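Heads up: the structure comes next, in structure tokens.
The values are calculated or read from the model by the stated rules, or taken from the named source; none is laboratory data. Remember, predicted model here, so these are calculated numbers, not experimental data. Don't worry about glycine lacking a Cβ; one is built from the backbone with ideal geometry, like all the others, and counts go over all protein chains shown.
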């Protein structure tokens, strides 16, 4: 076992609960570490969906403008190192272990959750590297998330939808209030939600935070982004959600941090954007795979639109494994008309994962005919092998439902390729 893996397993046992929202403990350790402002400029990104895509867009454009950039995102798919990037490079095991040692020395008797501990480690690495801009993706909610210990120079809210109800509430107004917790008095913010909750609008107004809203201060018409007199084309076939890309463009224009290149070059940078697990296309064993980490109804609706806009000659077959606490009916219903065959699958060893009975009941309630559903619910790896064998060259195999599901498939594909080589 590597030293990094030993640390990560220790962090999982360090705090009595996986999640404990609140800033008191983590902010106290941040002060001890001196990482309350890890970079001259900080952009915090919250939202139900699209946060990672927004951060990836910001990162690519800032690097194109030769800005030293730190990016912190979560969760990871295959390696923890994915969460912390400096100038586009994942932090090494050695760097992360050194950062963990610094946090451990600073925390004393203060108990920290896994996410709090790793957030502080990322901030320490950014500060030590001397990055110009730190991009911080909120883990859960906003107001009480560990990332919010840092006062952002600009905040982005990508979307507000119902998810994580046990922690954030069950309606968009309450959830919007939590997301708006990352706003700061006098600092600007960008909101990409086409119908922002009143709680977000009023939060900005009450503290004098200037808001830039989609359809008002900036616009996205088909593939054209407009901000004042500036127009930038977003490639039509891009896999990442255009709303998140537009929010990133608006954020950099507000901060006067866009790279000093022609708009055509910006379009070229956007064309090269890709993010693992976000409408990610792969070829494996001669078959087309589409991997997406979508795990709530809003994400499923986006995925359904993407599938309809990118048809295949054959069928679309879906492998889905999801967490038991998710709205399974809402997750499946948007895709009921665009998926031809379903293979609900299991994640062995994951105590949070939905079982076979729950998955089948969710598909039935979502209106998926039983004739389209494989009812035996194999484990994800076994389901992949079966589906690829049954999938024709003109078909598409969709994998979605959670980060865990996509991670399991990516690892299975990697192991298979390594075995062949």
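Scanning segment 57-79 for residues that are touching a residue at least 24 places away in the same chain (Cβ under 8 Å) and touching a strand residue (DSSP E or B) at 6+ places or on another chain (Cβ under 8 Å) returns 58, 59, 62, 63, 67, 68, 69, 70, 71, 72, 73, 74.
When residue 204 is tested against (1) buried (at least 20 other Cβ atoms within 10 Å of the Cβ); (2) more than 22 Å from the chain's Cα centre (by Cα); (3) within 27 Å of residue 304 (Cβ to Cβ), only condition (3) is not met.
Scanning segment 21-37 for residues that are under 17 Å from residue 103 (Cα atoms) and free of Cβ contacts under 8 Å to residues at least 40 places away in the same chain turns up at least one hit. The condition (being closer than 18 Å to residue 68 by Cα, under 18 Å from the mean Cα position of the chain (by Cα), in a helix (DSSP H, G or I) and assigned by TED's automatic domain parsing to the domain that holds residue 174) is satisfied by just one residue among 82, 95: 82. If the condition is being surrounded by 12 or more Cβ atoms within 10 Å (Cβ to Cβ) and part of a loop (DSSP other than H, G, I, E, B), then segment 364-374 contributes 366, 368, 374.
Of the residues contained in segment 42-61, none is found to be farther than 26 Å from residue 279 by Cβ, in the same structural domain as residue 174 (by TED's automatic domain parsing) and assigned to a loop (DSSP other than H, G, I, E, B). Condition check for residue 284 on (1) in the same structural domain as residue 215 (by TED's automatic domain parsing); (2) surrounded by fewer than 18 Cβ atoms within 10 Å (Cβ to Cβ): one failure, at (1).
Exactly one residue out of 274, 280 is touching a strand residue (DSSP E or B) at 6+ places or on another chain (Cβ under 6 Å) and closer than 30 Å to residue 396 by Cβ: that is 280. Filtering segment 235-254 for residues that are in the same structural domain as residue 67 (by TED's automatic domain parsing), over 30 Å from residue 415 (Cα atoms) and more than 24 Å from the chain's Cα centre (by Cα) leaves an empty set. Test residue 377 against the stated conditions and say whether it is assigned by TED's automatic domain parsing to the domain that holds residue 286 and assigned to a strand (DSSP E or B). Considered against the rule, which asks whether it is assigned by TED's automatic domain parsing to the domain that holds residue 286 and assigned to a strand (DSSP E or B), residue 377 comes out as no.
One residue is enough: does segment 343-357 have a residue meeting the conditions buried (at least 16 other Cβ atoms within 10 Å of the Cβ), in the same structural domain as residue 291 (by TED's automatic domain parsing) and over 20 Å from residue 277 (Cβ atoms)? So far as segment 343-357 goes, no, none of its residues is buried (at least 16 other Cβ atoms within 10 Å of the Cβ), in the same structural domain as residue 291 (by TED's automatic domain parsing) and over 20 Å from residue 277 (Cβ atoms).
Of all residues in segment 105-121, those that are buried (at least 18 other Cβ atoms within 10 Å of the Cβ) and either part of a loop (DSSP other than H, G, I, E, B) or free of Cβ contacts under 8 Å to residues at least 12 places away in the same chain (or both) total 2.
For segment 244-256, taking the residues that are out of contact with any strand residue (DSSP E or B) (no Cβ under 7 Å at 6 or more places or on another chain) and buried (at least 16 other Cβ atoms within 10 Å of the Cβ), the one that is nearest to residue 188 (Cα to Cα) is identified as 252.
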